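To start, the structure under review is shown below, and the notes come after it.
Every read-out reported here was derived from the displayed coordinates using simple, explicitly stated rules and does not represent laboratory data. Just so you know, these numbers come straight off a predicted model, no measurement behind them. Neighbour counts are summed over all protein chains in view; Cβ atoms, including those assigned to glycine, are modelled from backbone coordinates with ideal geometry.
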Amino acid sequence: MNILLLYPKFPDTFWSFKHALTFIGKKSALPPLGLVTVAAMLPPEWSLRLVDTNVQRLTEKDLAWADCAFISAMVIQRETASRMAARCKKAGLLVVAGGPLFNNPNDHFETVDHFILNEAELTLSPFLKDLADGCAKRIYSSTEHADLQQTPLPRWELLKRKHYAAMSVQFSRGCPFDCDFCNITALLGRRVRIKTSSQIIAELDSLYALGWHSEVFFVDDNFIGNKAFLKADLLPALINWRKGKTGNAFLTEASINLADDQPLMDLMFEAGFNKVFIGIETPDDACLAECSKAQNGKRDLVEDVKRIQRAGLQVQGGFIVGFDNDVPSIFQRQIDFIQNSGIVTAMVGLLQAPPGTRLYDRMKAQGRIKGEATGDNVDGTTNIVPTMSIEALKEGYRRILDGIYSPAAYYQRIRTFLREYKAPLAREKLRFTDIVTLVRTSYRLGFVGRERFHYWKLMVWTQLRYPQLLSYALTLAIYGYHFRKICERHVV
């Protein structure tokens, strides 16, 4: 059987980095890790072809070659996934779908023949057996959680790797916390399940053998959910693995209590981690209590962020406005927090309620749900009726985006970050592509961009004070160009 593994196109969003990728000659930030993992679970006698439409076109020849299409998608890919499924169905293919988008399979997806829901390690095998026996059901789901130590090595070779800015691996699933706006615990549970260190090393070895010597994103929703194992096993293994290798750096997601554990931060830094995304959400304790984010409450969050940055981990932050306890002063408080903390990559969105969350259930019980969550963190929309007037909420949201992504504020925040940041132990070797990026960036931002004064001021300031961090300053300047494009498009 000939199988198309299909990934729909992302819209232009905060995390797409679409406008930043043009500076470095890449087409997509990250590959579809779920699809290359599912590929390793399919019968070895099947012929596989992966088409990520973020980096290549799905052609009529692809459709004519295939017998079946496996589509994986997230909520934000709803429209492109629907069109893709319809196109495959029209071409006469059997259409199989899985991933977070399809958790409500009866909604909007009439062209999908079979849904493989929850975790594929549990639900794909029964489907494959039934398909071979000619009695496949439409929906395969499970309330259990998979043993990640049974997850196979992803089929990286199916990817057009040169088009991606980073590769992805997954060490754990689940999160010990239960924030009421987050659907991670509903989907993956609060018990943190992990792979063995040997599994992770095997994945990294396979990527390295294929020539990947650049960034790797650990896509765990909370990488530090099992601190004891990290300290005793995985991080020492990563430190050992990186010896004699160049280019590989890691980034991940974690909770703010990382700031409480200096030995853990030191190990992560030594293991090659240099960026971590943290859900800050809000500096207001009443709002943190409202959304059950107790781990963030009653802390000096600015100092926590700076402690992490001083350990060599750049903090990327998520922020939310639109809580019931928000008052008009929250907008300036968010601006001040982001500026003072030096969180350069600050994703700010209106509160949305995804199905399956406690927030969704509470809002629905109160009659305050008004449509679907878009899955886009910064599109200026919400699917709940806020307690603050929607006009005031949107005006305040506009103020935040203007206040943090104007060139003056953004470049000032880069300097705040660089003053705190601990440089990596060794500087990366300069490559020809780095020179091309520098020339391209200096032209687009330093000569024709409206931020040109701020760009050159930052470059000179960094070269004089922190020359070892010049590449970081350049990268963050490029990010700022993308973020401003997104804000211009989505500010309501």
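Quick notes
- Among beta bridges identified by DSSP and lying wholly in the chain, the antiparallel ones come to about 5 percent.
- Here the relative contact order of the chain, from alpha carbon pairs under 8 Å that lie six or more residues apart, stands at 13 percent.
- From phi via Karplus (6.51, -1.76, 1.60), per-residue ³J(HN,Hα) for the range 152-158 in Hz, x at Gly/Pro: x, 5, x, 8, 4, 5, 6
- Sorting L470, L21, L230 from the fewest to the most surrounding beta carbons within 10 angstrom yields L470, L21, L230.
- Under 5 Å from the amide H of K275 lie the amide H atoms of T252, Q314, each residue being 5 or more positions distant or on a separate chain, with H modelled from the backbone and absent for Pro and chain starts.
- Annotation: extensible slack from F229 through A408 equals 60.2 nm (criterion: 0.36 nm per residue apart, minus Cα-Cα distance).
- Under the Karplus curve 6.51 cos²θ - 1.76 cosθ + 1.60, θ = phi - 60°, whole-Hz ³J(HN,Hα) for the range 17-22, x wherever Gly or Pro sits: 6, 3, 6, 6, 5, 5
- Pairwise centroid distance, computed over Cα atoms, of the range 152-181 with the range 244-283, Å: 16
- Extension gain, R398 back to D324 (0.36 nm per residue minus Cα-Cα distance, nm): 24.8 nm
- Among S214, S197, sorting on how many other beta-carbon atoms sit within 10 Å of each Cβ, with the fewest leading, yields S214, S197.
- When the alpha carbon coordinates of the range 2-140 are projected onto the principal axes, the ranges are 50, 30, 28 Å, largest first.
- Our coupling estimate for the range 278-288, obtained by passing each phi through the Karplus curve with A = 6.51, B = -1.76, C = 1.60 and θ = phi - 60°, is 10, x, 7, 6, 7, x, 8, 5, 5, 6, 5 Hz, Gly and Pro reported as x.
- Other residues with beta-carbon under 11 Å from the beta-carbon of N257 carry, at +1 per Lys or Arg and -1 per Asp or Glu, a net charge of -1.
- Of K18/K298; K231/K422; K9/K394; K162/K306; K195/K243; K160/K195, those spanning more than 30 Å from alpha-carbon to alpha-carbon: K18/K298; K162/K306
- Computed from point charges on the beta carbon alone (+1 for Lys and Arg, -1 for Asp and Glu), the dipole magnitude for the chain about its Cα centre is near 1720 Debye.
- Taking amide H atoms as placed 1.01 Å from N in the peptide plane, the amide H of T381 lies under 5 Å from those of L350, each 5 or more residues away in sequence or on another chain.
- Kirkwood-type radius of the range 265-393, with distances r between different C-alpha atoms, in Å: 15.8
- Under 5 Å, built H, 5+ apart or other chain: amide partners of L5: R49, L50, V51, F70
- Nearest-20 debye value, the range 2-140 charge dipole, Cβ charges on Lys, Arg, Asp, Glu: 500
- In terms of its C-alpha gyration tensor, the range 148-420 has a prolate overall shape, because the principal axis ratio a/c (a ≥ b ≥ c, square roots of the eigenvalues) is not below 1.5 and a/b outweighs b/c.
- For the range 1-147, averaging the sequence separation of C-alpha pairs within contact (under 8 Å, six or more residues apart) and dividing by the residue count gives a relative contact order of 23 percent.
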